[in-house]
Amino acid sequence: MENTGLADNGNTVVEASGGRPAQLQWSSRLTFILAATGSAVGLGNIWKFPYVTGVHGGGAFVLIYLACILVIGLPLLMAEVMLGRRGRQNPANSMANLAREFKVSRHWRLLGWLGVVSGFLILSFYTVVAGWALSYIFDSARGAFDGLSGEQAGAHFGRLLADPGALIFWGTLVLLITLGVVARGVKQGLEKAVNAMMPGLFVLLLVLVGYAMTTGFFMQGLNFLFNPDFSKLSGTSILVALGHAFFTLSLAGGGMMTYGSYLPQHVSIAKTAITIGILDTLVALLAGMVIFPLVFANGLEPGSGPGLLFVTLPIAFGQMPFGALFGMIFFIMLSVAALTSAISLIEPAVAWMTEKYRVSRFKACLMSGLVMWVLSLGTVFSFNIWEQHTLFGKTFFGVLDYLTSGWFLPLGGLFIAIFAGWVMTRRATEQELGRGLGYRLWYYTIRYISPVAIVIMFLNAIGVIG
Ligand code: PHE
């Protein structure tokens, strides 16, 4: 068989006992970096980071988020990819394999499960938001943003949210495209798209930063982002910053573990993880540097919530030369960035079904897609007909987001750290990560610092300490 891509057909996958056959591996380190960066960079960086930063008051939140990336996110990213590569299957099976190898309870596979479930829940709202981006491609192209004021941009977005039919249409389209790619096999469908789009997105963000500089409010934006005011931080903000660090690096959502399982043995996990971490953080900070100057220049409210990006950018595109074209390209790229993340959110579930129940990739996509679609209606209605139905003041979308980012991902991360640092032998982790100073730094961080930090943040959030 040709080396055409990952898991092109379900049968190849199930034949794999022990190591995966060659066609189930990334062809090179670069492919893995692209796919993993594609997973990491997405709506989390460009849509979510600015709006949660706005809601939680700016600089202090950003500082905690950056610290979380450094001392928890990066070591855990290495750990998760390592678990996947050593376990060599979907997250649930990988964890079961590892539990056997290191002679601990089979219940560790629940950790893999937690990842699969978190990814699934996240995707159910992710497709809806990606749908907003998709619809904005067409809005921009037909000149709907021309000369919009802040208020008009808000009204434009409000009309989209108020229309469940439109949200369902765009969300369904995103889901179908995602499933289409996943059904064809990740590498086949994915590689080319990511190749072209990731650098493009980066360049376009730089162009937008340039535009933000002309608004006269650039410094005010930077000040909001980077000047920490700790009086604005609550226990919840800290948990949200932690959760966002997980979300943005695609940690504990099963995706990185699954992608790790496709990683050849000779590739350096540490170097790749650091590259991914740097790129991901850079994109988020650039997005913030675009959005906050625009917020202040147009008298908008930084803490206005999930609509922040979708209200600020149309104003900019409506004012700049060739704005309709730039806007169109930007939202295409945002949609592709979202797509490459969405793929990694559903791939674990699909890999699990094909490997466990030996169904074809196509059937697995169909089944998970159906469940996902029904679940996504909850998010759609959160913005209109169910807006008033809240639990602890949160809509269905709010609850999903809070549960996954705030609790499931960090909890998964805690157990990944424990497994990598305490259950696996030092010999095994050295084999995977290499020896040396960097290794020792990782080892002590993953054993002591990351888990303790996560537990402290949990205790702080439920009000036990702090
Ligand atoms: N990291 C992705 C983003 O920032 C979202 C994601 C979360 C993907 C968890 C996979 C797993 O958009």
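A short reminder: the numbers here are calculations on the coordinates, not readings from a lab. Keep in mind that what you see is a predicted model, and the values were worked out from it rather than measured. All Cβ positions, glycine included, derive from the backbone under ideal geometry; neighbour counts span all protein chains shown.
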Against the 2.2 N^0.38 Å rule of thumb, the C-alpha Rg of region 357-466 sits at a ratio of 1.53
Peptides 51-64, 416-429: what's the order by average Cβ count within 10 Å, highest mean first? 51-64, 416-429
What percent does the relative contact order of the chain come to when contacts are Cα pairs within less than 8 Å and at least six residues apart? 34 percent
Once you put a point 7 Å from the Cα of residue 29 and another 7 Å from the Cα of residue 151, both along the Cβ direction, what distance in nm separates them? 5.7 nm
Taking only Cα atoms, what is the 0 to 90° angle, nearest 10, from helix 361-382's long axis to the longest principal axis of the chain? 40 degrees
Alpha carbon convex hull of the chain, volume per residue in cubic angstrom: 133 Å³
Ranked highest first by average number of other Cβ atoms within 10 Å, how do 312-323, 77-88 line up? 77-88, 312-323
Distance in nm between residue 106 and residue 437 label points, each 7 Å along Cα→Cβ, equals 4.6 nm
Could you tell me the relative contact order of region 67-192? Use alpha-carbon pairs under 8 Å, at least six residues apart, and round to a whole percent. 17 percent
Return P(r) of region 316-380 (all Cα-Cα pairs; 5 Å bins starting at 0; whole %; ordered from short to long distances). 4, 15, 15, 16, 14, 11, 9, 8, 5, 3, 1
Cβ-Cβ cut-off under 12 Å around residue 409, Lys and Arg +1, Asp and Glu -1: the net charge is -2
Whole Å is fine, so just give me how far the alpha carbon centre of region 395-460 lies from that of region 40-83. 14 Å
From the backbone phi of region 85-99, what are the Karplus-calculated ³J(HN,Hα) couplings (6.51 cos²θ - 1.76 cosθ + 1.60, θ = phi - 60°) in whole Hz, Gly and Pro given as x? 5, 6, x, 6, 9, 4, x, 5, 5, 4, 5, 5, 4, 5, 4
Which residues qualify? For residue 89, with a placed amide H closer than 5 Å and at least 5 residues away or on another chain, they are 94
Kindly write out, for region 213-222 in residue order, the coupling ³J(HN,Hα) from the Karplus curve 6.51 cos²θ - 1.76 cosθ + 1.60 (θ = phi - 60°), rounded to whole Hz, with x marking Gly and Pro. 5, 7, 6, x, 10, 4, 5, 5, x, 4
I need the calculated FRET efficiency for the pair residue 366 and residue 141, taking r as the beta carbon distance and R₀ as 41 Å, to the nearest 0.05. 0.80
At R0 = 51 Å the Cβ-Cβ FRET efficiency linking residue 275 and residue 399, nearest 0.05, sits at 0.90
What is the helix-to-structure angle for 59-68, meaning the angle in degrees between its Cα long axis and the longest Cα principal axis of the chain, kept from 0 to 90 and rounded to the nearest 10? 10 degrees
